[in-house]
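The block underneath contains the structure these notes are about, expressed in structure tokens.
Bear in mind these aren't lab numbers, they're just calculated from the coordinates by the rules spelled out. Note that this is a predicted model, so its numbers are computed, not measured. FYI the Cβ positions are ideal-geometry reconstructions off the backbone, even for glycines, and counts take in every protein chain you see.
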Amino acid sequence: MAADHLDNYIDAVATALALPLAIVEPMKLAAVVVCGAGHWMTGSFVLIGAYALSIFFVERLFKLVKPQLLKLRWFATVWTWFVGVRRQLWLWLLAKWTRARKAAYGRQALKRGRGRSSAPAVARRR
């Protein structure tokens, strides 16, 4: 009996999250279609509005209902996988960015005459 009540509650939580998503996500697609029809200014405003709704409403709502959704085994599995992939991607991007910055800084230092040479600065100026 208690499990039925919990299932109904989780279904209500999932529905509360699905309804705003069902409105916001098609708005984004409609904005792209409007831009493609040549009304790029209107499409841009609709797209910005859809993303704003998504960020300010759906994201906040998800934070509220996430603990209840994590009680669903399939959602917990998918969420754990998603968070792991997102973290690995972030670490990979951070490593690439760090290497690119070090390489760019090294080229800039060589252009300014501050390479890895052990010779004194006076000897390098000749």
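Once phi is turned into θ = phi - 60°, what whole-Hz ³J(HN,Hα) does the Karplus curve with 6.51, -1.76 and 1.60 give for every residue of the range 59-74, x standing for Gly and Pro?
5, 5, 5, 4, 4, 6, 9, 4, x, 6, 5, 5, 6, 7, 4, 5
In percent, how large is the relative contact order of the range 1-71, given Cα pairs closer than 8 Å and 6 or more residues apart?
Across the range 1-71, relative contact order equals 38 percent.
Sorted from fewest to most neighbouring beta carbons within 10 Å, what does the list Ile48, Ile10 look like?
Ile48, Ile10
With +1 on each Lys and Arg Cβ and -1 on each Asp and Glu Cβ, and nothing else charged, work out how big the dipole of the range 1-71 is about its Cα centre, in Debye to the nearest 20. Don't skip to the answer; put the middle values down first.
Values: 5 positive and 5 negative charges, 53 e Å.
Using Cβ point charges on Lys, Arg, Asp and Glu, the range 1-71 gives about 260 debye.
Would you kindly compute the Cα radius of gyration of the range 1-100 and its largest Cα-Cα separation (Dmax), both in Å?
18.3, 59
Each label point is 7 Å from the Cα along the Cα-to-Cβ direction; what then is the distance between the points at Ala16 and Leu70, in nm?
It is 1.7 nm.
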